[in-house]
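**Student:** My structure is below; once you've seen it, I'll send some questions.
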Amino acid sequence: MTLSQDWHVLIVEDDPNSVDVVEDALHLYHHTAEIRCAVDGSECLDMLGSYRPTFVIMDLALPKINGWEALEAIRHNPATADLPVIAITAYHSAHVAEDAVRAGFDAYFPKPIDVFSFGQNVERVLGRAI
């Protein structure tokens, strides 16, 4: 994936401030990124029924269906099993990072994300995921 390709991003995050930071970071790196948002795992799964983003950025701690459960549903659905999903969380530890990758997330980033390097790091992840 390169900058010349369009990014269609689904951000799954219940904190509006975190959504703003992620949107700003993505637009700083990829000005034309199309971004849609879901506030929890349930809404994410509903949206994926009719929308195919380039990748998903998902908080782990979400109401209703959390990020772990939403990822499991994404990976078990043949229509979305290969969709790159990147975890973000404020509850950072080496253990959580290892668990996230082991669970099937394509990458893991602790909050607060670095606005200036996040887009480049995402692109690097996408290059490995596709």
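The values are calculated or read from the model by the stated rules, or taken from the named source; none is laboratory data. Just so it is clear, the structure is predicted and the values come from calculations on it, not from any experiment. Cβ sites come from the backbone with ideal geometry, for glycine too, and all protein chains shown count toward neighbours.
**Student:** Which pairs have Cβ atoms under 9 Å, sit 6 or more apart or on different chains, and link a residue in region 87-115 that is part of a strand (DSSP E or B) to one that is surrounded by fewer than 12 Cβ atoms within 10 Å (Cβ to Cβ)?
**Tutor:** The qualifying pairs are Ala107/Arg128; Tyr108/Glu98; Pro110/Tyr91; Pro110/Ser93.
Condition check ((1) at pLDDT 95 or above; (2) among the aliphatic types (A, V, I, L, M)) across all residues:
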| position | (1), (2) |
| --- | --- |
| Tyr29 | no, no |
| Met47 | yes, yes |
| Leu60 | yes, yes |
| Gly67 | yes, no |
| Ala90 | no, yes |
| Ser93 | no, no |
| Asp106 | yes, no |
| Arg124 | no, no |
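**Student:** Let me ask something else about it. For Ala79, state whether it is surrounded by fewer than 19 Cβ atoms within 10 Å (Cβ to Cβ), outside any helix (DSSP H, G or I) and of a type outside the set (Phe, Trp, Tyr).
**Tutor:** Details: surrounded by fewer than 19 Cβ atoms within 10 Å (Cβ to Cβ): yes; outside any helix (DSSP H, G or I): yes; of a type outside the set (Phe, Trp, Tyr): yes.
Taking the combined requirement at face value, the residue satisfies it.
**Student:** Does Leu62 count as under 22 Å from Pro112 (Cα atoms), touching a residue at least 24 places away in the same chain (Cβ under 8 Å) and in contact with a helix residue (DSSP H, G or I) (Cβ under 6 Å, 6 or more places away or on another chain)? Give the derivation first.
**Tutor:** Details: under 22 Å from Pro112 (Cα atoms): yes; touching a residue at least 24 places away in the same chain (Cβ under 8 Å): yes; in contact with a helix residue (DSSP H, G or I) (Cβ under 6 Å, 6 or more places away or on another chain): yes.
Yes; evaluated as a whole, the condition is true for this residue.
**Student:** Can you spot a residue in region 16-34 that is hydrophobic (A, V, I, L, M, F, W, C), loosely packed, with under 13 Cβ neighbours inside 10 Å and not in a helix (DSSP H, G or I)? I'd like the intermediate steps shown before the answer.
**Tutor:** Restricting attention to region 16-34, the residues satisfying the condition of being hydrophobic (A, V, I, L, M, F, W, C) are 19, 21-22, 25-26, 28, 33.
Subsequent filtering for residues that are loosely packed, with under 13 Cβ neighbours inside 10 Å retains none.
No, every residue in region 16-34 fails to be hydrophobic (A, V, I, L, M, F, W, C), loosely packed, with under 13 Cβ neighbours inside 10 Å and not in a helix (DSSP H, G or I).
**Student:** Residue check, Asp6 against (1) under 18 Å from Arg128 (Cβ atoms); (2) at pLDDT below 95; (3) in a loop (DSSP other than H, G, I, E, B), all met but one. Which one?
**Tutor:** (1)
**Student:** Here is a follow-up. Please name all residue pairs, on different chains or six or more residues apart, with Cβ atoms under 8 Å, provided the first residue is in region 15-35 and is more than 19 Å from Thr89 (Cα to Cα) and free of Cβ contacts under 8 Å to residues at least 60 places away in the same chain and the second residue is of a type outside the set (Gly, Ala, Ser) and loosely packed, with under 13 Cβ neighbours inside 10 Å.
**Tutor:** Thr32/Asp6; Ala33/Asp6; Glu34/Asp6
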